1. Loop-only GluC sites (Glu not before Pro) in segment 281-330, please: DSSP not H, G, I, E or B, and at most 14 other Cβ atoms within 10 Å.
2. For 288, 73, 156, 281, which order do you get if you count the other beta carbons within 10 Å of each Cβ and list the fewest first?
3. Which one of 144, 105, 261 has the biggest mean-square fluctuation once the chain is modelled by GNM with Cα springs under 10 Å?
4. Under 5 Å between amide H atoms, partner at least 5 residues away or on a different chain: which partners does residue 167 have, H built in plane at 1.01 Å?
5. If you build a Gaussian network model of the chain, linking Cα atoms that sit under 10 Å apart, which residue out of 256, 33, 210 swings the most?
6. Could you tell me which residue out of 227, 278, 214 lies farthest along the dipole of segment 211-290 toward its positive end? Charges go on the beta carbon: Lys and Arg +1, Asp and Glu -1, centred on the Cα centre.
7. If pairing requires two Cys Cβ atoms under 4.7 Å apart, which cysteines of the chain are left without a partner?
8. For segment 151-192, which GluC sites (Glu not before Pro) are both in a DSSP coil and crowded by at most 13 other Cβ atoms within 10 Å?
Amino acid sequence: MDRIKKKLGFGMMRLPMNGEDIDIEQTKKMVDAFMAAGFNYFDTAHGYINEKSERAVKEALTSRYPREAYVLTDKLSSNYFNKEEDIEPMLDTQLAWCGVSYFDFYLMHAQGRNNYQHYMDCHAYEVAKKMKEKGKIRHIGISFHDSAEFLDKILTEHPEIEIVQLQFNYLDEDDPNVQSLACYKVAEKHGLPVIVMEPVKGGRLAKVSAPVASLFKSLSSASPASFAIRYAASFPNVKMVLSGMSDTSQMEDNIATMKDFVPLNEKEQSVIAKARSYLRTEGLIECTHCEYCEAVCPVKMPIPDIFAALNEERAAGKKIDVSLSEKSAECLACGACESMCPQHLPIRDLLTKANR
Ligand code: SF4
Ligand code: SF4
């Protein structure tokens with residue numbers, strides 16, 4: 001933890017793109033701007049951006065900076081191992097793709113009731129401990145998407161966990177599916193620091209509707225995203241806030257917000273509370289565009305795009321594109337997507353709605 005310089009991390013899951021490929025030159029510029037501003041924490045996973053993120057980490061970061069200049073977190077995702085013996089080779093592949101000999105943090109990815117047993121059956125936590133002894137990882141952690149009660153169970157069963165990554169933002173604070181604040185308190189009870197993911201909820205708290213934007217404008221000219229990031233960073237046990245930045249303007253805004261971080265004051269907290277109340281009345285689908293669902297769908301359903309279109313229809317009256325509506329009819333109702341969705345969305349029902 002003491003190698004982390006500032007409370008903002010670069011999430012490498014929404015990098016700038018050139019068609020199907022990551023725009024490496026642009027990514028290098030963003031990495032350079034981030035490092036020059038005094039930040040040094042980076043986060044990736046094997047599946048991010050169709051398995052291209054780790055290799056972008058190597059090209060844009062690890063091949064260009066000395067190892068001690070940055071802190072790098074990677075994750076063990078459930079769809080990349082079927083048995084205990086698969087895990088160390090998987091980690092070795094990740095290290096090779098990232099171009100490093102160790103990860104600072106290695107997280108058991110997206111832990112929840114839908115996959116925890118798989119990690120237990122394959123002794124993933126025990127293997128992680130062995131990998132730590134071998135020096136391939138420095139610290140063991142989890143990222144988590146389930147109830148506070150289930151988090152308590154995992155942390156009780158695994159005292160080797162050193163850090164917890166949570167979805168944490170002002171809209172999800174007391175959301176019954178996400179339970180951000182309750183999970184934060186569980187991590188605190190176990191004496192564990194928290195890394196925040198989705199502080200702007202996949203962009204939902206960056207591009208807010210006009211009434212919410214005017215609430216923030218009444219405070220200052222700072223962006224709605226900056227208030228969302230400062231909200232998360234203001235909690236004392238939050239050691240890191242990740243932002244999946246995909247262009248220079250997002251990065252500049254985040255750097256300006258977090259270079260000399262100031263916690264939210266009372267007046268700003270009360271505006272956040274008003275923004276939360278208003279956003280809840282909008283009734284939008286709370287998809288964060290993580291694409292975990294699409295990766296497992298046998299018909300490659302563009303689920304996040306369909307949900308974005310449904311949201312636009314509701315918010316702005318824009319009719320859903322016919323091709324998306326027709327595509328939604330191809331759903332086989334297998335449910336594989338729902339078991340992967342960190343937001344626990346009723347994807348099949350929503351696709352039926354899109355088709356109607
Ligand atoms: S339920 Fe439909 S959208 Fe979901 S994974 Fe199965 S086919 Fe794809
Ligand atoms: S529906 Fe769920 S899994 Fe799919 S992109 Fe949205 S939040 Fe992610």
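None of the figures in this text is laboratory data; all of them are computed from the coordinates on show. Note that the coordinates shown come from a computational prediction; the quantities given were computed from them, not determined experimentally. A quick note on method: Cβ atoms are made from the backbone with ideal geometry, for glycine too, and the neighbour counts reach across all protein chains shown.
1. Qualifying residues, ordered by number: 282, 330.
2. 281, 156, 288, 73
3. 261
4. Long-range HN contacts for residue 167: 144, 197.
5. 210
6. Projecting each Cα onto the dipole axis, the largest value belongs to 278.
7. Cysteines of the chain left without a disulfide-compatible partner: 98, 122, 183, 287, 290, 297, 331, 334, 341.
8. Qualifying residues, ordered by number: 160.
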